[in-house]
Amino acid sequence: MAPSLPPLSPPSLLVVLILLTSTALLCESRLSLDYYSKTCPSFNKIMQETITNKQITSPTTAAGTLRLFFHDCLSNGCDGSILITSTAFNKAERDADINLSLPGDPFDLIVRAKTALELSCPNTVSCADIIAVAARDLVTMVGGPYYNVYLGRKDSRFSQASTIEGQLPKPNMDMSQIIDLFAARGFSIQEMVALSGAHTIGFSHCKEFSSNVGNDTQYNPRFAQALKQACSDYPNNPTLSVFNDIMTPNKFDNLYFQNLPKGLGVLKSDHGLYNDPRTKPFVELYAKDQNKFFQDFARALQKLSVYGIKIGRKGEIRRRCDAVN
Ligand code: HEM
């Protein structure tokens with residue numbers, strides 16, 4: 001016969017309760033690779049199908065989604081707060097000036113993925129996890145490295161444009177400001193340079209660099225001429241934009257770094273990476289060694305993908321990604 005346990009005294013009962021609660025919280029708060037394997041077994045399949053269909057019909061989705069993810073994470077953590085739309089009472093993050101140039105395709109992709117996931121597994125998958133996986137899968141799809149995305153992020157319960165100021169880098173900042181901005185969030189100079197390699201894909205609007213092209217000697221003269229020409233009508237047509245990597249604009253590779261020493265960077269901050277002694281060695285390293293760039297980019301993006309995340313009760317699973325529950 002099993003020995004009967006003595007009745008618990010109030011203090012030991014309290015200890016057991018604390019232990020049970022903290023174990024439950026620990027389980028709930030831990031990220032894992034197979035977070036949805038039981039609660040949403042079709043998660044990977046739905047994500048893959050939605051992402052592939054979207055990227056095939058709109059090939060600019062990859063770059064837009066990577067930038068969306070970067071902007072969501074660096075300001076207030078990877079919590080999907082960038083997806084929330086403004087209301088009459090609240091101007092949300094996505095309406096902050098710096099986010100107005102984010103294209104519509106990545107937002108559309110997240111809506112599609114969330115809609116499909118809600119049909120299969122309601123109230124289960126966070127919008128923050130959807131962006132993290134979408135960014136990784138799209139980087140890989142356009143030729144970049146694969147890395148593991150740990151899952152279990154919760155979504156933020158609010159989003160305010162006023163909190164964005166000063167949290168994201170701008171092309172006219174000097175290199176010390178950019179370095180400090182990343183350092184304040186735990187990213188080294190090398191990690192910042194590796195992450196900037198994201199500019200191997202996508203576009204920049206003319207307004208982001210046109211004022212520098214004429215008076216910045218870092219630009220290759222023929223390239224400067226071509227940029228001026230491409231942007232000549234930008235005051236009347238603000239949608240005008242150019243590729244960030246003119247050599248292989250749709251391929252994730254290290255050509256962005258090879259372009260910089262030749263004066264073929266588009267933004268002032270791109271040139272800054274080659275002209276500052278603190279960042280130049282890493283530009284040279286990545287220009288020479290694509291494998292090293294891929295390794296460091298993947299590691300830094302994986303680190304960014306858990307920056308400031310909300311876990312457990314600190315967040316929620318939004319039913320719609322564009323509004324709090
Ligand atoms: C280091 C400082 C950085 C600055 C100053 C900067 C600034 C910019 C600017 C001004 C644009 C053009 C946006 C437009 O006109 O639509 C852009 C595009 C882009 N940025 Fe950055 N960025 C930085 C770092 C990063 C990082 C770390 C990532 C991702 C890990 C990233 C990903 C992208 C992508 C993918 C695009 C192309 C977006 C598209 O085609 O829709 N950037 N960036």
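No lab work stands behind these numbers, since they all come straight from the coordinates. Here the structure is a predicted model, which means the values were calculated and not measured. Every residue, glycine as well, gets a Cβ built from its backbone with ideal geometry; the counts of neighbours run over all protein chains shown.
Here is how the numbers come out for the structure above:
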| quantity | calculated |
| --- | --- |
| Net length gained if the chain between THR87 and ASN53 were fully extended (0.36 nm per residue, minus Cα distance) | 9.2 nm |
| Percent RCO, i.e. relative contact order, over segment 221-324, from Cα pairs under 8 Å lying at least 6 residues apart | 17 percent |
| Among GLN167, THR248, VAL125 the positive-end extreme of the charge dipole of the chain (Cβ point charges) | VAL125 |
| Relative contact order computed over the chain (Cα-Cα under 8 Å; 6+ residues apart), in percent | 25 percent |
| Dipole magnitude of the chain about its Cα centre (Cβ charges: Lys, Arg +1; Asp, Glu -1), debye to nearest 20 | 440 debye |
| Likely footprinting exposure, CYS231, CYS321, fewest C-beta neighbours within 10 Å first | CYS231, CYS321 |
| Two-site label geometry, LYS314 and GLU118: point separation in nm, points 7 Å out along Cα→Cβ | 2.6 nm |
| When the convex hull of its Cα atoms is projected in every direction, mean area for the chain (nm²) | 22.1 nm² |
| Pairwise centroid distance, computed over Cα atoms, of segment 181-197 with segment 252-286, Å | 14 Å |
| Gain upon complete extension [ASN325, MET247; 0.36 nm per residue less C-alpha separation] | 23.6 nm |
| Simple label model, 7 Å out from Cα along Cβ direction - ASN237 to ASN172, nm | 2.4 nm |
| DSSP H segments from the chain that extend 18 Å or more along their own axis, Cα-based, with Kyte-Doolittle mean of 0.0 or above | 10-29, 61-74, 104-120, 127-141 |
| Segment 167-286 - percent relative contact order, Cα under 8 Å, separation 6 or more | 34 percent |
| Expected-Rg normalisation [2.2 N^0.38 Å, Cα atoms] applied to segment 235-325 | 1.50 |
| Projected area averaged over orientations for segment 186-303, convex hull of C-alpha atoms, nm² | 7.3 nm² |
| ARG222-SER37 pseudo-label distance in nm [points 7 Å out on the Cα-to-Cβ vector] | 5.5 nm |
| Among 136-146, 39-49, 91-101, the order from most to least packed when residues are scored by Cβ within 10 Å on average | 136-146, 91-101, 39-49 |
| 5 angstrom amide H check on LEU151, placed H, neighbours 5+ away | SER32, LEU33, TYR35 |
| The chain - mean residue ellipticity at 222 nm from DSSP helices (-39,500 (n - 2.57) per run, n ≥ 4, rounded to 500) | -14000 deg cm²/dmol |
| Flagged links, alpha-carbon separation over 19 Å, of LYS38/LYS303; LYS207/LYS228; LYS170/LYS268; LYS54/LYS251 | LYS38/LYS303 |
